[in-house]
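Enquirer: Below is the structure I would like to discuss, written out as structure tokens.
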Amino acid sequence: MLFARRGRQRRWGSALCPATRLNTGLLAREVVITAGDGQEISEEFHDLVQKLCADYQPVGVVEELLVQTIATCWWRKARVIRAENGEIRKRVDTL
């Protein structure tokens, strides 16, 4: 597992990543495209962060920020793959 346990454990459910809930909303505004072509759904990003929190069970601010960084990188990588696929489809359609 990425994060070593330090004797403290989080409860499952609403206590999971409490600071992340607030920060995810702020982070989602910067990461998720919410208007125009290529619009994304911010709830999907929030769900990704929560699933990563469930997997890694971060303890403390630094670990929560690391989970958010993982989510952001994953989200942006998926966007790049979608954009690449879209460009390839455009080029194939014009042949």
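Computed from the coordinates by the stated procedures, all read-outs in this text should not be read as laboratory data. Bear in mind that the values here come from a model prediction, so they are computed numbers and not experimental data. Glycine gets a Cβ as well: all are built from the backbone with ideal geometry, and neighbour counts include every protein chain shown.
Enquirer: Let me test this: with uniform point scatterers at the alpha carbons of region 18-93, what is the Debye-based log₁₀ I(q)/I(0) at q = 0.27 1/Å?
Expert: Those come out to -1.26, one per q.
Enquirer: With labels modelled as points extended 7 Å from the Cα through the Cβ direction, what inter-label distance (nm, one decimal) is found for LEU95 paired with THR69?
Expert: 4.1
Enquirer: Sticking with this one: Going 7 Å from the Cα of ASP37 toward and past its Cβ, which residues in region 58-95 have a backbone nitrogen under 17 Å from where you end up?
Expert: Counting only backbone N, you get 79-95.
Enquirer: Roughly how many debye, to the nearest 20, is the charge dipole of region 18-93 about its Cα centre, given +1 on each Lys and Arg Cβ, -1 on each Asp and Glu Cβ, and no other charges?
Expert: Details: 10 positive and 12 negative charges, 44 e Å.
For this selection, approximately 220 debye.
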